Amino acid sequence: RIEVVHIPTVVHVVWSDPAQNITDEQVQSQLAVLNADFRRTNPDVTAVPPVWQSAPADARIEFALATTDPAGSPTTGITRTRTATAGFDTDDAVKSSTTGGADPWPTSSYLNIWVCQLNGGVLGYAQFPGGPEPTDGVVVLHSCFGTTGTATAPFDGGRTATHEVGHWLNLRHIWGDDGEGCNGDDFVADTPNQGGPNYGKPNWPTVSCDNGPDGDMFMNFMDYVDDNAMVMFTSGQTARMAACLAGPRASLVA
Ligand code: ARG
Ligand code: ZN
Ligand code: CA
């Protein structure tokens, strides 16, 4: 793929406490992070250790708040829904008006992002390609969304949405989702085999699964480190996302 693809995006703000009714500015700050991270224009990409200096890749994907709603009318690409639900679980209730949330816009034409209060310390969750249409999209805790307003350190860099949209485009966790084991696979050839997730701000190198001397690529968006410690996708990951946009999610770039 040569061309940059553009994904029409709708952000559904679902709030019970007025503080959760985040501003348009906070939403726009998140779109700016997505566009930097998926175009490798994020300034902190320079934090990659010298040994992986050429690994960060441009996914050539850009996101824009929708300008036309499903009825064909002009829109800001942001919906606002007041709910009686103080906090949502990962059961997809936020994705339907019948369960206190907001209905998706057609998931074949829009990336749906729900922003709300989440219970249990969950920062966000995503649905992989190939799942049911009514729940397709990603959900992000309002205080992990964007870089201003209610965004709170260490998750105030907009990277939760970058990570969740990575899942939505078929990326697995970099450690292979096998707990701490060394047999899990993220189905990407240019990420080192890695034991389990890393958290916080690890020191480089962090070795696991005999992956020394360079160790875990914990500065990858698909690890669990703090927002200001994750800075890159690899070429293998961008190829996997491109395959998703040429396959199961092709309708979004038509
Ligand atoms: N726990 C979430 C998930 O697995 C997101 C973690 C995002 N990490 C971050 N530093 N923002 O999907
Ligand atoms: Zn994840
Ligand atoms: Ca593993």
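The values are calculated or read from the model by the stated rules, or taken from the named source; none is laboratory data. All values derive from a computational prediction rather than experimental measurement. Neighbour counts are summed over all protein chains in view; Cβ atoms, including those assigned to glycine, are modelled from backbone coordinates with ideal geometry. Protein only, heavy atoms only, side chains kept; ligands, DNA and RNA dropped before computing areas. Shrake-Rupley method; radii C 1.70, N 1.55, O 1.52, S 1.80 Å.
For this structure, a couple of remarks:
- Cα-based equivalent ellipsoid, the chain: semi-axes from gyration tensor eigenvalues, Å: 30, 20, 17
- Helix axis angle, 159-168 relative to the chain longest principal axis, alpha carbon, degrees: 90 degrees
- The chain - charge dipole about Cα centre, Lys and Arg +1 at Cβ, Asp and Glu -1, debye rounded to 20: 560 debye
- Under 5 Å between amide hydrogens, built in the peptide plane, is the criterion, and for PHE88 it picks out GLN117, LEU118, ASN119 among residues at least 5 positions away or on other chains.
- For the chain, the longest principal axis of the Cα atoms and the long axis of helix 24-37 meet at an angle of about 30 degrees.
- Calculated [222 nm] ellipticity per residue, helices only, for the chain: -4500 deg cm²/dmol; basis is -39500 (n - 2.57) per DSSP H run with n ≥ 4, divided by all residues, nearest 500.
- Cα coordinate range in region 112-161, projected on the principal axes (Å, largest first): 33, 20, 14
- The listed peptides 133-143, 164-174, ordered by packing as a protection proxy, come out as 164-174, 133-143 (highest mean of other Cβ atoms within 10 Å first).
- Whether region 1-62 is rounded, prolate or oblate, judged on the alpha carbon gyration tensor where a/c under 1.5 counts as rounded: oblate
- With the simple spin-label model, which puts each label point 7 Å out from Cα in the Cβ direction, the ALA254 to ALA71 separation comes to 2.3 nm.
- Cβ-Cβ FRET estimate between SER109 and ALA19, R0 fixed at 41 Å, reported to 0.05: 0.85
- Within region 1-119: Cβ-based charge dipole about Cα centre, in debye rounded to nearest 20 (Lys, Arg +1; Asp, Glu -1): 180 debye
- Added length on full extension, which subtracts the Cα-Cα distance from 0.36 nm per residue, SER96 to ARG82: 3.8 nm
- Region 183-254 and region 10-81 have Cα centres separated by 19 Å.
- Neighbours of ARG40 by Cβ distance under 10 Å: Lys/Arg scored +1, Asp/Glu scored -1, total 0.
- What the Cα atoms of region 185-254 give is an Rg and a Dmax of 14.1, 44 Å.
- Solvent-accessible surface of the chain, taken per residue with a 1.4 Å probe and all protein chains present: 41 Å².
- Region 194-208 residues near the modelled ASP185 label - backbone nitrogen below 17 Å, point 7 Å along Cα→Cβ: 194-195
- The listed peptides 216-227, 5-16, 196-207, 41-52, ordered by packing as a protection proxy, come out as 216-227, 5-16, 196-207, 41-52 (highest mean of other Cβ atoms within 10 Å first).
- Karplus (6.51, -1.76, 1.60) ³J(HN,Hα), θ = phi - 60°, over region 91-100, in Hz, Gly and Pro reported as x: 9, 6, 4, 5, 8, 9, 5, 6, 10, x
- Region 81-168 - percent of accessible surface contributed by carbon and sulfur, probe 1.4 Å: 53 percent
- Theoretical gain in end-to-end length, GLU62 to ARG1 [0.36 nm per residue, Cα-Cα removed]: 20.6 nm
- Within the assembled protein chains, the solvent-accessible surface assigned to PHE88 is about 10 Å², based on a 1.4 Å probe.
- Distance between the 7 Å Cα→Cβ label points at VAL207 and ARG39: 4.0 nm.
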